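The values are calculated or read from the model by the stated rules, or taken from the named source; none is laboratory data. All of these numbers come straight from a predicted model, not from anything done at the bench. Methodologically, a virtual Cβ is constructed for each residue, glycine included, from the backbone with ideal geometry; neighbour enumeration extends over all protein chains shown. Heads up: the accessible areas ignore ligands, DNA and RNA and are worked out on the full protein's heavy atoms, side chains in. Shrake-Rupley method; radii C 1.70, N 1.55, O 1.52, S 1.80 Å.
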Amino acid sequence: MVDVADKLAYFQAITGLEDPEICTEILSAHGWDLERAVSSFTSTTSESSASAAADDAGGDAHLDPATRQMLERSEPQQNAAPPPSFAWKIITLPISVISGSLGLVSGAIGLGLWAAGGILSYSLGVIGLGSGSGRNGESSARLVSVSAATSEAIDFVSAFERDFGTTRPNFVGEGFMDSLQRSRNAFKLLFVYLHSPDHPDTPLFCERTLCSETVAAFVNENFVSWGGSIRASEGFKMSNSLKASRYPFCAVVMAATNQRIALLQQVEGPKTAEEMLVILQRVLEESSPVLVSARLDAEERRNNMRLREEQDAAYRAALEADQARERQRREEQERLEREAAEAERKRKEEEEARERAVREAAEREAALARMRQEKAMSLGAEPEKGPNVTQVLVRFPTGERKERRFHSTASIKALYDFVDSFGCLDIDSYNLVSNFPRVVYGTEKLSMSLKEAGLHPQASLFVELTS
């Protein structure tokens with residue numbers, strides 16, 4: 001985007017004004033719209049000055065005194081009126097701002113009406129009711145919005161081709177500033193042709209010189225071409241800026257490094273094709289080192305930029321690779337830490353399970369020991385032999401035998417307590433059984449006395465496991 005300094009420099013180059021304060025005031029009054037500011041500056045004198053330039057028999061373009069005074073007020077060698085005072089600027093600036101605002105509003109209204117008219121014209125043309133078709137059947141109303149300068153350039157190219165044929169310089173259909181930028185990007189000079197339709201030398205110059213095959217081919221190969229009629233707004237502005245005094249008028253310009261226009265050559269008055277070629281070749285040879293240097297500088301900048309981009313891309317790729325490796329290393333480390341933590345957790349769980357099993361086994365052993373002690377204590381002291389004492393023999397599944405004396409009034413449960421007091425059985429479910437006759441002394445007979453159960457005065461029993 002063109003900044004304030006660039007707009008100021010372009011405005012000075014186009015209008016010829018050199019006082020930066022006045023140029024700043026004019027641009028500011030028009031909202032820094034460069035095209036509108038230039039148009040407003042030249043609109044009051046464009047028609048009269050263009051007619052004077054076209055009608056001059058000697059080929060001189062004389063501007064009216066007011067415009068000439070404004071264009072040359074900043075040149076020290078001219079006896080121009082002194083610049084306005086600061087107070088005058090303060091008084092007139094609001095008027096300029098209001099005028100620019102009204103112009104903006106009216107331009108917006110006109111743009112809306114133009115767009116509506118273009119859409120209506122296009123719609124009527126589609127259904128066959130449109131009026132006013134241009135050459136090649138094109139509608140005279142453009143449906144694509146373009147700037148005034150571009151519209152003038154397109155109209156000029158169309159009219160020039162209609163009058164003088166297709167063998168011609170390839171004038172670009174853009175405004176002057178866009179064409180200047182195009183030439184700068186292409187590292188070429190800008191060939192400018194200002195067309196004066198009513199000048200007597202114009203037709204012959206265009207037919208024999210400008211549209212000759214040699215000149216047209218040379219210009220198209222080595223230059224970017226821009227043309228404009230002095231009857232149009234931008235053509236008139238450029239005649240003022242380039243100070244054209246005779247017609248036909250050609251010029252070779254280039255964009256300077258300080259955003260100003262460098263005028264390299266003026267060709268005024270009629271010239272033959274040979275004379276034009278000599279002039280253009282000389283200008284091209286003189287400017288070739290500058291263009292080559294500019295092209296080399298641009299290529300070097302592009303190469304440096306490409307190299308920086310490649311270096312940045314390589315750095316980003318290396319950084320991403322390092323980050324990926326670091327991320328992979330962290331993930332591997334985290335995985336190992338998780339596996340180690342999981343292994344430690346399992347080890348602790350297994351250790352706790354072993355400790356719990358040992359503890360539970362110890363608790364069971366302690367409980368069994370207490371139970372055996374309680375059972376033994378519940379039996380009391382073994383009685384001495386006597387008529388009321390029963391001798392009992394118990395055989396265990398392991399083949400071990402245990403014998404003890406009981407009172408005949410002792411219950412069957414006492415026999416079970418006797419067996420339990422040894423703690424040699426791994427299960428609690430068993431029965432005491434006699435062989436001959438086979439009698440099972442189960443839970444239903446626990447309360448019976450030994451005498452009642454028929455085990456007095458002596459009995460032989462064995463332990464029968466039930467599960």
Answer yes or no as to whether E384 is modelled with pLDDT of 90 or more, under 30 Å from T409 (Cβ atoms) and open to solvent by 60 Å² or more (accessible area, probe 1.4 Å).
-> yes
Could you pull out the residue among E355, E342 that is without any contact (Cβ under 8 Å) to a residue 40 or more places away in the chain, of a type outside the set (S, T, Y) and open to solvent by 80 Å² or more (accessible area, probe 1.4 Å)?
-> E355
Quick check: is even one residue across region 281-288 farther than 25 Å from D178 by Cα, assigned to a helix (DSSP H, G or I) and either out of contact with any Cys (no Cβ under 7 Å at 6 or more places or on another chain) or modelled with pLDDT of 95 or more (or both)?
-> yes
Is one or more of the residues making up region 153-163 of a type in the set (S, T, Y) and in contact (Cβ under 8 Å) with a residue 40 or more places away in the chain?
-> no
Of all residues in region 411-459, which are surrounded by 14 or more Cβ atoms within 10 Å (Cβ to Cβ), part of a strand (DSSP E or B) and not β-branched (V, I, T)?
-> S411, Y430, N431, L432, S434, Y441, S449, A459
Residue satisfying condition, being in a loop (DSSP other than H, G, I, E, B) and more than 26 Å from R364 (Cβ to Cβ), within set P387, P397 = P387
Which condition does G175 not pass, out of (1) farther than 27 Å from Y10 by Cβ; (2) modelled with pLDDT of 90 or more, if it passes all the others?
-> (1)
Inside region 370-380, can you point out the residues that are under 11 Å from H407 (Cβ atoms) and hydrophobic (A, V, I, L, M, F, W, C)?
-> L379
